Amino acid sequence: MASVYSEKVMDHFANPRNVGEIKDADGVGEVGNAVCGDIMKMYIKVKDGKIEDVKFKTFGCGSAIATSSMATELIKGKPIEEALQLTNKAVVEALDGLPAHKLHCSVLAEQAIKAALADYYTRQGIDPKPLIGDIPETCEGCCSH
């Protein structure tokens, strides 16, 4: 069964990067999928307009853990504006692909980051909606199993 997953997916599942929480986070975002039960929580620390640190806690399958890990790697050290551009497609490409029935995990990773950034903007007194748009709290329709 492991052959269905790329080496990068297996590596990020077995050795996830940036696991944990940031106690004094500048933004926290949590999203979930009611169909499969995956829950992702992202924590960000921002300094001088850049994501200085990012951590995650994910309850879910190996793909959910791998996409969380890769997504944090892709935004760490990046300007907020660049982090906002992260898409689930970019996460999947960075992992060298995911099986079709696991693509929803990459959607959750994108949404968790955007939720953390929305929380950050809200804490700064800035309306996040014009910058980020709507972030569904769940992606019930994106799970095909």
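The values are calculated or read from the model by the stated rules, or taken from the named source; none is laboratory data. If you're wondering where the values come from, they're calculated on a predicted model, not measured in any experiment. No Cβ is skipped: glycine too gets one built from the backbone with ideal geometry, and neighbour counts run over all protein chains shown.
Numerical summary
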{"quantity": "Qualifying positions in the stretch 7-34 - closer than 11 Å to MET70 by Cβ and over 15 Å from the mean Cα position of the chain (by Cα)", "calculated": "LYS8, ASP11"}
{"quantity": "For LYS114: the one exception among (1) over 21 Å from ASP11 (Cα atoms); (2) more than 9 Å from the chain's Cα centre (by Cα)", "calculated": "(2)"}
{"quantity": "Any chance ILE51 is closer than 18 Å to ARG17 by Cα, crowded, with 23+ Cβ neighbours inside 10 Å and in contact with an Asp or Glu (Cβ under 8 Å, 6 or more places away or on another chain)", "calculated": "no"}
{"quantity": "Selection status of GLN124, more than 18 Å from THR58 (Cα to Cα), of a type in the set (S, T, N, Q) and under 16 Å from the mean Cα position of the chain (by Cα)", "calculated": "no"}
{"quantity": "Search result, residues across the stretch 71-94 that are farther than 9 Å from ALA109 by Cβ and small (Gly, Ala, Ser)", "calculated": "GLY77, ALA83, ALA90, ALA94"}
{"quantity": "Of all residues in the stretch 1-33 being acidic (Asp, Glu) and surrounded by 15 or more Cβ atoms within 10 Å (Cβ to Cβ), the one that is farthest from CYS105 (Cα to Cα)", "calculated": "ASP26"}
{"quantity": "The one condition in (1) touching a residue at least 12 places away in the same chain (Cβ under 8 Å); (2) over 23 Å from LYS129 (Cβ atoms); (3) of a type in the set (A, V, I, L, M) that ALA14 fails to fulfil", "calculated": "(1)"}
{"quantity": "Selected residue (only one of ASP38, ASP26 is modelled with pLDDT of 95 or more and charged (D, E, K, R))", "calculated": "ASP26"}
{"quantity": "Odd one out for CYS61, checked against (1) more than 12 Å from the chain's Cα centre (by Cα); (2) closer than 22 Å to ASP96 by Cα; (3) buried (at least 16 other Cβ atoms within 10 Å of the Cβ)", "calculated": "(3)"}
{"quantity": "Some residue of the stretch 123-130 being surrounded by 19 or more Cβ atoms within 10 Å (Cβ to Cβ), modelled with pLDDT under 95 and among the basic types (Lys, Arg)", "calculated": "no"}
{"quantity": "Residue count for the stretch 17-53, restricted to those that are under 10 Å from ALA116 (Cβ atoms) and either touching a Cys at 6+ places or on another chain (Cβ under 6 Å) or among the hydroxyl-bearing types (Ser, Thr, Tyr) (or both)", "calculated": "1"}
{"quantity": "The stretch 92-109 - residue that is touching a residue at least 60 places away in the same chain (Cβ under 8 Å) and in a helix (DSSP H, G or I) and, of those, farthest from GLU30 (Cα to Cα)", "calculated": "ALA94"}
{"quantity": "Unique residue being free of Cβ contacts under 8 Å to residues at least 40 places away in the same chain, assigned to a helix (DSSP H, G or I) and within 30 Å of ILE126 (Cα to Cα) when the list is LYS57, LYS89, LYS23, LYS45", "calculated": "LYS89"}
